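J.: Sending over a structure as structure tokens; questions will come in a sec.
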Amino acid sequence: MTNFTATGDLVRFALRRDRVKLPIWVGAIGLGMLYAVSALPTVYSTPEQRQVRARLMDSPAATMMSGPGYGLDNYTLGAMITNEMVLWLAVPTAMMSIFLVVRHTRAEEETGRAELIRSAVVGRHAAPLAALILAVIANAGVALLTALAMMSGDLAAGDSFAVGLGLGLTGLVFAAVATVTAQLTEHARSASSLAMAVVGAAFLLRALGDASQRGGNILSWLSPLAWTQQLRPFVDLRWWPLLLPVAVTAAAVGAAYLLSGRRDVGAGLLPARLGRANAAPSLSTPFGLAARQQRASLIGWGIGLFVFALASGSLSDSVSEAVAENPDMGEVFRANGQDPTDGFFGVMALFFALMIAAFAVTSVLRLRSEERTGHTEAALATAVSRRRWILSWLGYTALASVVLLLVSGLGVGLGAVTSGSDGTVVAEVLVATLAFAPAVLVVIGVAAALFGLRPGVSSWAWLVVAYAFFFGFFGALLSLPDGFAKLSPFGHTTAMPLSSITALPLVVLTAIAAVLTVAGGISFRRRDLDLS
Amino acid sequence: MTAALTIQQLHKSFGQVKALDGLDLTVEAGQVAGFLGPNGAGKSTTIRIILGLLGADSGYVDVLGLHPWYDAVELHRRLAYVPGDVSLWPNLTGGEAIDLLSRLRGGASKARRAELLERFELDPTKKGRTYSKGNRQKVALVAALAADVELLVLDEPTSGLDPLMETVFQECIAEVKAAGRSVLLSSHILAEVEKLCDTVTIIRAGRAVQSGTLAELRHLTRTAIAVSLDGDPVRLAALPGVHDLRADGGTDGTVTFDVDHDELASVVRELGGLGVRSLTSAPPSLEQLFLRQYGDELVGVES
């Protein structure tokens, strides 16, 4: 047992370090559930209204973004929350768990702090075990809070706890996945990215599985994100799918345990290779450096988005079929004044644009980590002006974002073609996706302005993405006033049909982005370098 | 003589904390200036202001005739910098980092780069994250020394280097000086400063407490003398400028004491009348200078 000496101390230490972060994560997830439980009954107060909603949810496009559709025939509040909210609480729970585990394992090794800890009377596996225990504590908090939130809306206690437990165990699965990826790579960033790629794959599998069949098929069952909904809470509750996350967690932790025995402190399993003795000609400018620093990340995002886009696009024909078979559904779509296929492509374009906004934020925030680690100091001590430094970086971010928009649009379009649409759809979807470029630029501008004005809180730029996501996808569901959606930079672009795109909002958004960027640039030139 | 760097009455605060409190510092052209001070005295802050990375609250700063904040780019073409704690891009190799920094500055000689890599025994193909502290330091040193610039700004450049590499570094600085270039060298290693520097500025709590050439600074301190005498050493204690007189208690009657530089001649005359059997004297080291500077200040604070 000496392998685990001092685990308890490390857990207490980790709780102390995360005393602000974890309560915020857990609380926000609990509040998300509480909000849904209190808002949905007022919006959909009668069974008839809920059935209208259920018909809307019974399309592949809606299914990809919600759940397997249990209980659509008798859409109670519980069934509605399970079908539409659980996925969007499972994803942040997974993210919380991944960041938590990587923060306390690989990031500690990368900074060298783990060396200091391990030189004390601390067992070999104490740190990863402590991180896992912390993940158990955090996910138990998520389980408890979400269950209590549901019970506060007079939902059945057993089913509520099933949902809470499902969410908590889903988080734990990804915590275990992160302990494995933390063994593989040397970098905290790549360990999180690898684990997040597993989340992305799980999201895709569930979307495809559930969209191809009510209740999901084998693809859904491969996705940990699907398991909570597969408990069929509030419809026909079954507990046995909870064994899946327990088994997978145990297996992943075992794998991490075996892997960690085969490597040194600070090292990854994939050995570091030697590189070039001389820099390539492209690495001569701040722009070249920005591109080089983010090459791997851009390639990863590009491939991931393209695959996901291709898969989503290929579902477009089943939307049309579903509409043809179900006149009621067509009615619903026509009530919204939209052709259902157009509606599907519009949702896809918004979804990908928001993903790319997230990429843009991470890219701009790297300016901040470059500054904190002292890289910016080294670069600015050469003949590089601050303006050139920040504009090169932001320019790269903007360019890469546009490339990713193109890749996603192309993916959706080509996917649609493979499922029988005619070729013109490719160009249409491309334009529809690119129409979100000004909105993404505004997000870049906000991050840049924060970086220049208040570098310590640069990461608040995430709030813009979170806001846009929430009001883009839940604004309609919760029937919130239109003004909320219009506050989001993504609320001004109606992508499909193309004829609905107007130039004015796009021009205004681009101008706002430019003003924000200039503000960020000027304040960066005026402030001290912040190395703290 | 013209100055490569002039700082007068420099002030800088971070919130409530006063980092620099009226600092004066000069580096004459073609000279190596030592910049000494304990941790937290404000050395790195001063250097970051010299580089225009931080803005001064008040005071005069002139580097190579330029203003470091407003003329940063022009200035940086003409100087090179080695930070105290070198952080390299983890995914770039040492060679790539050297090339990048050189190119951002406006280019460097390939031959000089190769020669420096050889002399510092640095493998340029390893990734930044795999270098030890000493090797990261070497990467920054090679990039700075390969640059054809008028001024080198070095913030504790030898921290983490082994003694062999320290020697190589000292050779390189001697060559830089011989080529007529100027160096600002912040350091903890007193022997290194003593060996390399023409002038020394000692900084404490954000202000220069002592500065001048090494010879001038030695005037301010005391020479340690150990002497064995035929006569009675007691009267020595009464002489002006003699401090800390101690009899060793041995049979040969050796006494040790320190003498103020200004009184050295008169004390030696007095010794002549006491029948000197043996005498050793040690010139004041920078270390004594440094310790005395702070020792006195500490006594002052305590009393």
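The values are calculated or read from the model by the stated rules, or taken from the named source; none is laboratory data. Quantities reported herein were computed from a predicted structural model and do not represent experimental measurements. Backbone-built Cβ (ideal geometry, glycine too); neighbour counts: all protein chains shown.
J.: Quick one: B:Cys197 ticks every box in (1) surrounded by 20 or more Cβ atoms within 10 Å (Cβ to Cβ); (2) in contact with a helix residue (DSSP H, G or I) (Cβ under 6 Å, 6 or more places away or on another chain) except a single one, so which number is it?
T.: (2)
J.: So, in the stretch A:89-125, exactly how many residues are within 14 Å of chain B (Cβ to nearest Cβ), surrounded by fewer than 20 Cβ atoms within 10 Å (Cβ to Cβ) and under 29 Å from A:Gly30 (Cα atoms)?
T.: The number of residues fulfilling the criteria is 1.
J.: Scanning for something without any contact (Cβ under 8 Å) to a residue 60 or more places away in the chain, of a type in the set (A, V, I, L, M, F, W, C), within 14 Å of another protein chain (Cβ to nearest Cβ) and part of a loop (DSSP other than H, G, I, E, B), does the stretch A:260-268 turn up at least one residue?
T.: No, because not a single residue in the stretch A:260-268 is without any contact (Cβ under 8 Å) to a residue 60 or more places away in the chain, of a type in the set (A, V, I, L, M, F, W, C), within 14 Å of another protein chain (Cβ to nearest Cβ) and part of a loop (DSSP other than H, G, I, E, B).
J.: Now for a different question. Please verify whether the stretch B:137-147 includes one or more residues that are surrounded by fewer than 23 Cβ atoms within 10 Å (Cβ to Cβ) and assigned by TED's automatic domain parsing to the domain that holds B:Val32.
T.: No.
J.: Just for helices (runs of 4 or more DSSP H) wholly inside the stretch B:150-230: which have at least 3 residues that are within 27 Å of B:Arg136 (Cα to Cα)?
T.: B:163-178, B:190-196
J.: Test A:Gly171 against the criterion of being in the same structural domain as A:Met95 (by TED's automatic domain parsing), in contact (Cβ under 8 Å) with a residue 24 or more places away in the chain and either acidic (Asp, Glu) or surrounded by fewer than 21 Cβ atoms within 10 Å (Cβ to Cβ) (or both), and give yes or no. Show your work before the answer.
T.: Numbers: in the same structural domain as A:Met95 (by TED's automatic domain parsing): yes; in contact (Cβ under 8 Å) with a residue 24 or more places away in the chain: yes; either acidic (Asp, Glu) or surrounded by fewer than 21 Cβ atoms within 10 Å (Cβ to Cβ) (or both): no.
Answer is no for this residue.
J.: Can you pull out every residue in the stretch A:205-232 that is in contact with a helix residue (DSSP H, G or I) (Cβ under 7 Å, 6 or more places away or on another chain), assigned to a loop (DSSP other than H, G, I, E, B) and without any contact (Cβ under 8 Å) to a residue 60 or more places away in the chain?
T.: A:Asn217, A:Leu222, A:Ser223
J.: Considering only the stretch B:8-18, I want to know if a residue exists there that is of a type outside the set (A, V, I, L, M, F, W, C), within 10 Å of chain A (Cβ to nearest Cβ) and either out of contact with any Cys (no Cβ under 9 Å at 6 or more places or on another chain) or surrounded by 20 or more Cβ atoms within 10 Å (Cβ to Cβ) (or both).
T.: Yes, the conditions are met somewhere in the stretch B:8-18.
J.: Now a separate question. Which condition from (1) closer than 21 Å to A:Ser284 by Cβ; (2) away from every other protein chain (no Cβ under 14 Å) is the one that A:Leu350 breaks?
T.: With (1) closer than 21 Å to A:Ser284 by Cβ; (2) away from every other protein chain (no Cβ under 14 Å) applied to A:Leu350, the lone miss is (1).
J.: For the stretch B:22-96, give me every one of the strands (runs of 3 or more DSSP E) that falls completely inside it and has 2 or more residues that are closer than 30 Å to B:Pro124 by Cβ and either within 14 Å of chain A (Cβ to nearest Cβ) or not aromatic (Phe, Trp, Tyr) (or both). First the steps, then the outcome.
T.: Details: elements: B:32-36, B:58-63, B:79-82.
Per the criteria, B:79-82.
J.: While we're here: When the stretch A:333-372 is examined, which residues are found to be assigned to a helix (DSSP H, G or I), surrounded by fewer than 18 Cβ atoms within 10 Å (Cβ to Cβ) and modelled with pLDDT under 85?
T.: Answer for the stretch A:333-372, where residues must be assigned to a helix (DSSP H, G or I), surrounded by fewer than 18 Cβ atoms within 10 Å (Cβ to Cβ) and modelled with pLDDT under 85: A:Arg334, A:Ala335.
J.: Go through B:Ser182, B:Ser109 for me and flag whichever is away from chain A (no Cβ under 13 Å), modelled with pLDDT of 95 or more and within 28 Å of B:Val73 (Cβ to Cβ).
T.: None of the other options fit; the residue is B:Ser182.
J.: Answer yes or no as to whether A:Ala357 is touching a residue at least 60 places away in the same chain (Cβ under 8 Å), farther than 17 Å from A:Gly520 by Cα, within 14 Å of chain B (Cβ to nearest Cβ) and touching a helix residue (DSSP H, G or I) at 6+ places or on another chain (Cβ under 8 Å). Spell out the reasoning first.
T.: On the way: touching a residue at least 60 places away in the same chain (Cβ under 8 Å): yes; farther than 17 Å from A:Gly520 by Cα: yes; within 14 Å of chain B (Cβ to nearest Cβ): no; touching a helix residue (DSSP H, G or I) at 6+ places or on another chain (Cβ under 8 Å): yes.
Against the criterion (touching a residue at least 60 places away in the same chain (Cβ under 8 Å), farther than 17 Å from A:Gly520 by Cα, within 14 Å of chain B (Cβ to nearest Cβ) and touching a helix residue (DSSP H, G or I) at 6+ places or on another chain (Cβ under 8 Å)), A:Ala357 does not qualify.
J.: Counting just the residues of the stretch A:384-409 that are hydrophobic (A, V, I, L, M, F, W, C) and surrounded by fewer than 19 Cβ atoms within 10 Å (Cβ to Cβ), which one comes out nearest to B:Gly84 (Cα to Cα)?
T.: Filtering first and then ranking leaves A:Leu399.
J.: When you go through (1) within 11 Å of chain A (Cβ to nearest Cβ); (2) more than 28 Å from the chain's Cα centre (by Cα); (3) part of a helix (DSSP H, G or I); (4) surrounded by fewer than 21 Cβ atoms within 10 Å (Cβ to Cβ) one by one for B:Leu117, which number turns out not to apply?
T.: Result: B:Leu117 fails condition (2) only.
J.: Turning to a different aspect of this structure: Scan the stretch B:90-113 and tell me whether some residue there is touching a residue at least 12 places away in the same chain (Cβ under 8 Å), surrounded by fewer than 24 Cβ atoms within 10 Å (Cβ to Cβ) and hydrophobic (A, V, I, L, M, F, W, C).
T.: yes
For every residue, the table says whether it meets (1) modelled with pLDDT under 90; (2) within 27 Å of the chain's Cα centre (by Cα).
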position: A:Trp239; (1), (2): no, no
position: A:Thr249; (1), (2): no, yes
position: A:Ser297; (1), (2): yes, yes
position: A:Ile303; (1), (2): yes, yes
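J.: I'd like the residue in the stretch A:210-245 that is out of contact with any Ser or Thr (no Cβ under 7 Å at 6 or more places or on another chain) and among the aromatic types (Phe, Trp, Tyr) and, out of all such residues, is surrounded by the fewest Cβ atoms within 10 Å (Cβ to Cβ).
T.: Going through the qualifying residues, I end up with A:Trp240.
J.: Let me ask something else about it. What about B:Val267, is it of a type in the set (Val, Ile, Thr), outside any helix (DSSP H, G or I) and either over 28 Å from B:Phe35 (Cα atoms) or at pLDDT 70 or above (or both)?
T.: Values: of a type in the set (Val, Ile, Thr): yes; outside any helix (DSSP H, G or I): no; either over 28 Å from B:Phe35 (Cα atoms) or at pLDDT 70 or above (or both): yes.
Here the answer is no, as B:Val267 does not meet what is asked.
J.: Yes or no: the stretch A:393-405 includes at least one residue that is outside any loop (DSSP other than H, G, I, E, B) and among the aromatic types (Phe, Trp, Tyr).
T.: Yes, the stretch A:393-405 contains a residue that is outside any loop (DSSP other than H, G, I, E, B) and among the aromatic types (Phe, Trp, Tyr).
J.: Consider A:Glu186 carefully, then state whether it is in a loop (DSSP other than H, G, I, E, B) and within 14 Å of another protein chain (Cβ to nearest Cβ).
T.: yes
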